[in-house]
Amino acid sequence: MNIDHRHRVHQQSNWSVGFCHSCGEDPGTCCITCFLPCVTFGQIAEVVDEGRSSCMAQGAAYCLLMAIQCQWLYSCLYREKLRAKYGLPEEPCSDCCVHCCCELCALCQEHAELNARGLDPSKGLIYYY
């Protein structure tokens, strides 16, 4: 019998890096996120989706949504997926509020969280398989 453990509910845990402290952990990612948030988002989405979507496709979708200032709606969905996957609390406020008010800090924190869990989104998913 095949059992799929990928979608199992994880115990509640805390974020590895604080919301406003993630840039101190990885200044390179912070700089990329400031100038090209679509790259950071694409990397996060590819890892969170476990390879079912590509960094390039997700980054392009993010760019298109940036044109109408709705990218934060799309990225808050991935924050929710990330939190569900690792049992992380919804803090400092709701996912959509976090991405609407401080998109860049949210992306840096999510990238740092994946790094802390042994996944380096900047290397791409192919690195893990």
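Some notes on this structure:
- Residue among C34, C76, C38, C23 that is assigned to a helix (DSSP H, G or I) and at pLDDT below 80: C23
- Every residue from region 79-97 that is in a helix (DSSP H, G or I) and closer than 25 Å to R52 by Cα: R79, E80, K81, L82, R83, A84, K85, Y86, D95, C96
- Residue check for A45: more than 16 Å from H99 (Cα to Cα), at pLDDT 95 or above and surrounded by 12 or more Cβ atoms within 10 Å (Cβ to Cβ): no
- Condition broken by A84, with the remaining ones in (1) buried (at least 18 other Cβ atoms within 10 Å of the Cβ); (2) touching a His at 6+ places or on another chain (Cβ under 9 Å); (3) of a type outside the set (V, I, T); (4) within 22 Å of S16 (Cβ to Cβ) satisfied: (1)
- Filter result (open to solvent by 40 Å² or more (accessible area, probe 1.4 Å) and touching a residue at least 24 places away in the same chain (Cβ under 8 Å)) within region 56-70: C63, M66
- If you go through region 51-73 and keep only what is of a type in the set (A, V, I, L, M) and not in a helix (DSSP H, G or I), you end up with A67, I68.
The values are calculated or read from the model by the stated rules, or taken from the named source; none is laboratory data. All values reported here derive from a predicted model rather than from experimental measurement. We place every Cβ from the backbone using ideal geometry, glycine too, and count neighbours over all the protein chains shown. Side chains are part of the model used for accessible areas, which takes the heavy atoms of the whole protein and leaves out ligands, DNA and RNA. Shrake-Rupley method; radii C 1.70, N 1.55, O 1.52, S 1.80 Å.
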